[in-house]
Amino acid sequence: MEIQGQAALVTGGGSGLGEATARELARCGAKVAILDLNLANAERIAADIGGLAIQCNVSDADSMQAAIDRAAEAHGPARILMQIAGIGTAKRVVAKDGQAAPLQDFVKVIEVNLIGTYNASRLFAAAAAKLDPLEDGERGVMVWTASVAAFDGQVGQQAYSASKAGVAGMTLPMARDLAQHGIRVCTIAPGLFATPLMKTLPEHVQHSLAESIPFPKRLGKPEEFAHLAAQIVTNTHLNGEVIRLDGALRMAPR
């Protein structure tokens with residue numbers, strides 16, 4: 001699919017990987033709607049790229065549907081979904097005081113990362129399936145965000161790893177399911193990236209993390225994630241695949 005002129009939705013587009021992806025799509029000529037819980041961040045990016053900012057909770061059915069409808073009113077029906085919104089947590093199953101981890105902490109991460117991905121995707125797909133087909137019969141494309149933690153999660157990452165493993169595991173069956181409608185699905189599993197969250201860590205911690213990456217020995221750049229996301233859109237034969245973007249990193253237990 002050519003990106004030029006297409007309407008795109010970027011969840012979590014107000015910062016980090018989402019921001020970089022929104023900027024890259026706009027650079028390629030897309031009409032970008034930035035969906036984020038933090039409306040101020042979304043508005044800041046939208047102002048820079050001439051896009052549309054929408055406050056949205058991906059795990060809430062009504063909120064996500066309203067965002068899709070509002071974006072369609074402004075830009076026309078979307079053919080591109082970048083599902084990047086997500087949260088992280090690190091908590092041991094049994095705390096130092098012997099108490100079990102709160103169940104709600106686990107539930108919240110699953111709700112946002114896994115259920116949120118499914119929710120955004122099912123609503124996007126239902127709208128895209130009604131569109132006229134493009135070349136190769138394509139009607140839409142979705143790029144999801146997993147993590148290397150889906151495959152080698154660290155101590156305390158039970159909730160995060162489970163949620164991202166669920167996203168990775170959902171990729172192929174969703175691609176097969178939506179093939180009849182000409183809608184592709186791929187997932188990027190990033191490693192250690194220089195996001196705003198990462199930059200809150202002390203400099204020596206960031207350096208130590210970067211040194212754990214075989215090559216290149218640096219944190220990933222959000223722009224590198226964005227470039228891959230855009231490449232998935234333009235390469236129609238990429239479908240049902242989970243792509244690690246991690247410099248050959250394999251995470252240690254802790």
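Karplus couplings for the range 4-13 from phi (6.51 cos²θ - 1.76 cosθ + 1.60, θ = phi - 60°), rounded to Hz, Gly and Pro as x?
3, x, 7, 8, 10, 10, 10, 7, x, x
Can you give the FRET efficiency to the nearest 0.05 for THR200 and THR236, using r as the Cβ-Cβ distance and R₀ = 45 Å?
About 0.70, to the nearest 0.05.
In whole Å, how far is the Cα centre of the range 83-118 from that of the range 52-80?
Distance between centres, Cα-based: 25 Å.
Arrange the peptides 193-205, 136-148 so that the one whose residues have, on average, the most other Cβ atoms within 10 Å appears first.
Those peptides, ordered most packed to least, come out 136-148, 193-205.
Roughly what % of DSSP beta bridges within the chain run antiparallel, to the nearest 5?
Looking only at bridges with both residues in the chain, the antiparallel portion is about 5 percent.
To the nearest 0.05, how large is the calculated FRET efficiency for LEU103 and VAL155 if R₀ is 22 Å and r is the Cβ-Cβ distance?
0.70
Would you please put 234-240, 85-91 in order of how densely packed they are, using the mean number of other Cβ atoms within 10 angstrom per residue and starting with the highest?
Packing order, densest peptide first, comes out as 85-91, 234-240.
A short reminder: the numbers here are calculations on the coordinates, not readings from a lab. These numbers were taken from a predicted model, which means no experiment stands behind them. Cβ sites come from the backbone with ideal geometry, for glycine too, and all protein chains shown count toward neighbours.
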